[in-house]
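Notes to accompany the following structure.
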Amino acid sequence: MTSPSNRGAPASTEPRINDRIRVPEVRLVGPNGEQVGIVRIEDALRLAQEADLDLVEVAAQARPPVCKLMDYGKFKYESAQKARESRRNQQLTVIKEQKLRPKIDPHDYLTKKGHVARFLSGGNKVKVTIMFRGREQSRPELGYRLLQKLAEDVAELGFVESNPKQDGRNMIMVLAPHKTTKTRPLKPDYGDGVDAATEEDAGTAHE
């Protein structure tokens, strides 16, 4: 049975238990969920002591408050175990970033692709940014073709979560690791001010 009081302890969101419950009567629930009914707080505390259990306030806003007989220490331990298990099973998704130039060297491309593949294998999303400089800004199809190639090269590990989109001097695409989602087809978005025919050029133009 848990110690009836915790004097001097900092305020917390934990429920009131035992003699910290300062009301004249409570609606009592037994250890197996059975409804005992409305009883005086003295009687509820006596029943808890006789059963070597704690009286735990589970619905403080009710009138009268609802209290349950339970082993509060065991309850807290099992709750903590479940929370830890839940966190263990919950994968934290981190967004990594890789930056490329539209006319990247083949060796550098392989290196960048390796980084992207490693990130996806680790369960992380990857934000791929193509950085345009000078006259390259007038050739967004170069960036699109590079992103398309990268997406195809890592298709076994991830899919395109956010299609290529022009963002100022950059073009951005987000890849996500496979779970149950199928790979989405690439659809470039060059942003405002770019001729729609550019998309057709992206599939036919060659360097």
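Things to note:
- For segment 124-173, the list of trypsin sites (Lys or Arg not before Pro) that fall in a loop by DSSP and count at most 16 other C-beta atoms within 10 angstrom reads ARG133, ARG169.
- Cleavage-rule hits (GluC sites (Glu not before Pro)) in segment 76-177: DSSP loop, at most 14 neighbouring Cβ within 10 angstrom: GLU156
- Taking each residue as 0.36 nm, the span from THR111 to ARG46 lengthens on full extension beyond its C-alpha to C-alpha distance by 16.3 nm.
- DSSP-assigned coil residues among trypsin sites (Lys or Arg not before Pro) in segment 21-90, each with at most 13 further Cβ atoms within 10 Å: ARG22
- Close amide H contacts of LYS96 (hydrogens built in the peptide plane, cut-off under 5 Å, sequence separation of 5 or more or a different chain): LYS125, VAL126, LYS127.
- Near the amide H of GLY158, within less than 5 Å, lie the amide hydrogens of HIS178, all on another chain or at least 5 residues away, with H placed in the peptide plane.
- Qualifying lysines (Cα of each under 30 Å from Cα of LYS112; at least 8 residues distant if same chain): LYS96, LYS99, LYS103, LYS125, LYS127, LYS149, LYS165, LYS179, LYS182, LYS187
Here, each number is a calculation from the coordinates, and none is a lab measurement. In this text the structure is predicted, and so the values were computed from the model without any measurement. Cβ coordinates were reconstructed from backbone atoms using ideal geometry, including for glycine residues, and neighbour counts include every protein chain displayed.
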